[in-house]
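Scroll down for the structure; my scribbles are underneath it.
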Amino acid sequence: MDHPLIDLINARIKLAEADGAFDNLPGAGKPLPPVDDPQNALLNRLVRESGGVPEFVTLSRELERLRAELREESDRTKRREIMREMSMMDARIEIARKSYSR
């Protein structure tokens, strides 16, 4: 089933072509740049352009927050819990780094 707006979209494209909106675009006639992951190229570009970061970066920020929390905490039981969480966070960061580099 076609999208309900497909006719409108095609009409707008034809009108833009007739008006020359696609003439002299940067990179016209040149091959597309190579990509490392063709299946996810669009998704990767959208994430990068919207300021998204890899999971290991987000996890590293969380680990830094835990370190700051540990410095402020004086209760031994809570400190142990924070250190346990930090240890798990280190493992998650390593897994995320390995999966990101594939």
Helix 55-72 sits at what angle to the longest principal axis of the chain, using alpha carbons and giving 0 to 90 degrees rounded to 10?
30 degrees
Under 10 Å, Cα contacts only: if you run a Gaussian network model on the chain, which one of 28, 68, 16 comes out with the highest mean-square fluctuation?
16
Considering the options 15, 93, 58, tell which one lies farthest towards the positive end of the dipole of the chain, charges being +1 on Lys and Arg and -1 on Asp and Glu at the Cβ, about the Cα centre.
93
Counting other C-beta atoms within 10 Å, which of 61, 97, 76 has the fewest, and how do the rest follow?
76, 61, 97
Taking only C-alpha pairs under 8 Å that are 6+ residues apart, what is the relative contact order of segment 13-102 in percent?
28 percent
Sort 59, 66 by Cβ crowding within 10 Å, fewest neighbours at the top.
66, 59
Run the numbers on segment 53-102 and let me know its relative contact order in percent, using alpha-carbon pairs under 8 Å that are six or more apart.
55 percent
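Just so you know, all these numbers are worked out from the coordinates, no wet-lab data involved. The structure presented is a predicted model; accordingly, all values stated were derived computationally and were not measured. Cβ coordinates were reconstructed from backbone atoms using ideal geometry, including for glycine residues, and neighbour counts include every protein chain displayed.
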